[in-house]
Amino acid sequence: MNRVILIKYGELTTKKGNRNFFINTLYQMILKKLKNYDVKISKDISRMYIEFNDNEIDSILDRINHIFGIHTYQVAVKIDSNEDVINQAVIDYVYDKSFKTFKIEVKRSDKTFPISSMDYAKKLGGIVLKNKDNIKVDVHNPEMLLKVEILDRYTYIYSDTFYGLGGYPVGTQPKAMLMLSGGIDSPVAGYLTMKRGVKLDAVYFEAIPHTSIEARNKVIDLTRKLSVYTDKINLHIVNFTQIQEAIYKNCNGDYTITIMRRMMYRIMERLAKRYKGLVIANGESIGQVASQTLTSMSVINEVTNMPVIRPVACLDKLEIIDIAKKIDTYDISILPFEDCCTVFVPKHPVINPCLNECLFNEEKFDYNKMIDDVLKNIETIVIKEDDNEFSNFL
């Protein structure tokens, strides 16, 4: 008997006239993620079918578990839609399974099959009882729920349903520019942004020698963790040293973080226009730090008309940490290498900044020229999940 992975779409099926676009995008993503495996992938309007080499099943399922757009999947036995074949396949399927109670559900999509769904479920239940000892039927809370789906040509038998990541496949929405630091929040924000089908470019602000090469490598590793949910992520590295030093030399100390973030937003908007990003995404969480009060967000956001999405804005820190652990970024994020958002934090950062005070301080140095210089020297790294070329960058 051949085995096949059945992919069910979930939210994708709500797209009506655009359903084929969403399904085809998921199909292309699965093709990319499984390109090195011996698989055959086909699709229809309601599900996708992946035929595979049994020796590769664990690795293939791990890949599937990192693809957005999949609601559920099953590993099923695929057989001909013939009654005798199905009867024997059910006997073989339960032979080495351990259970004391069971239920069989039959879905007869092919109405030319000679037995109704309910009658055939009863018949198959009798066959199982006859061929396996010490078991009984429990229609309310069975240990094993065996499902038999009869299509016109093939029948699929399975008992376990697994949940995928849900959401939309990456590529069904245009690009966002993610402000990626070495902290816990921004990788989670990137993950949640991609879950809605959004492509990502990541932007990292460094201030060498105030920040270290280890801090850069940390962000590269975080980007690689995020890349397992898509095909690749471009990481743009911004040399922020000159601007950051000018801020700390010329500006009110309590306002340094606010003004620093305003400069970052200006640069993010320019980069978004250069790399065709439609929005800025970041890991800001309301009230978590001084620059993330609503007043601070408003004053910082004033420098750009570009939409800013904040996927973790209404999550508390423990909720964000739970997601970080789930996506395997937490242990990297807590490595003790500071980025430019933390290395120069003042003792008393303003939590309710005044816009006019920001404008007054920003007039003390020519930040526009500095931003122009920064944008001439952007370093870009293309990061893929299996590419370790940059693990020891520089």
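Where a number appears in this text, it was derived from the coordinates with a stated rule and is not lab data. Everything numeric here is computed off the predicted structure, so don't read it as measured data. Note that we place each Cβ from the backbone using ideal geometry, even for glycine, and neighbour counts take in every protein chain shown.
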- Item | Quotient of C-alpha Rg and 2.2 N^0.38 Å, computed over region 147-257 | 1.61
- Considering every Cα-Cα pair within region 171-383, what fraction, in whole percent, is farther apart than 32 Å? 10
- Cross-link list LYS40/LYS326; LYS97/LYS123; LYS78/LYS326; LYS8/LYS326: which exceed 27 angstrom alpha carbon to alpha carbon? LYS40/LYS326; LYS78/LYS326
- Item | Relative contact order [Cα under 8 Å, 6+ residues apart], the chain, whole percent | 17
- Quick calc, region 209-252, dipole around Cα centre from Cβ unit charges on Lys, Arg (+) and Asp, Glu (-), nearest 20 debye, gives 60
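Quick check on region 171-383: of the DSSP beta bridges with both residues there, what percent are antiparallel, nearest 5%?
Numbers: 5 of 23 bridges.
About 20 percent, rounded to the nearest 5.
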- Task: Note the listed values (1) 22.9; (2) 21.5; (3) 18.1, then indicate which one is mean projected area of the Cα convex hull in nm² calculated from this particular structure.
- Result: (1)
- Potential lengthening between TYR275 and LYS364 on full extension [0.36 nm per residue; Cα-Cα distance subtracted]: 29.0 nm
- Item | Translational D in µm²/s for region 227-350 (Stokes-Einstein at 25 °C, 0.890 mPa s, Kirkwood Rh from C-alpha pairs) | 152
- Query: With respect to the cross-link table entries LYS249/LYS347; LYS35/LYS199; LYS16/LYS111; LYS15/LYS43, which display a Cα-Cα separation exceeding 23 Å?
  - Reply: LYS16/LYS111
- Scalar couplings 3J(HN,Hα) for region 270-279 by Karplus 6.51 cos²θ - 1.76 cosθ + 1.60 (θ = phi - 60°), nearest whole Hz, x for Gly and Pro, are 5, 5, 4, 5, 5, 9, 6, x, 9, 9
- Potential lengthening between ASN131 and PHE99 on full extension [0.36 nm per residue; Cα-Cα distance subtracted]: 10.2 nm
- Task: In a Gaussian network model over the chain where Cα atoms closer than 10 Å are linked, find which of ILE115, ILE30, ILE351 has the largest mean-square fluctuation.
- Result: ILE115
- Hey, what did region 1-68 get for relative contact order, percent, Cα under 8 Å, at least 6 apart? 39
- Note on the structure: Placing +1 on each Lys and Arg Cβ and -1 on each Asp and Glu Cβ in region 168-298, then taking the dipole about the Cα centre, the residue among THR172, ALA189, GLN292 whose Cα reaches farthest towards the positive end is THR172
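With +1 assigned to the C-beta of every Lys and Arg and -1 to the C-beta of every Asp and Glu, and no other charges, what is the dipole magnitude of region 1-63 about the Cα centre in debye, to the nearest 20?
Values: 12 positive and 8 negative charges, 90 e Å.
Roughly 440 debye, rounded to the nearest 20.
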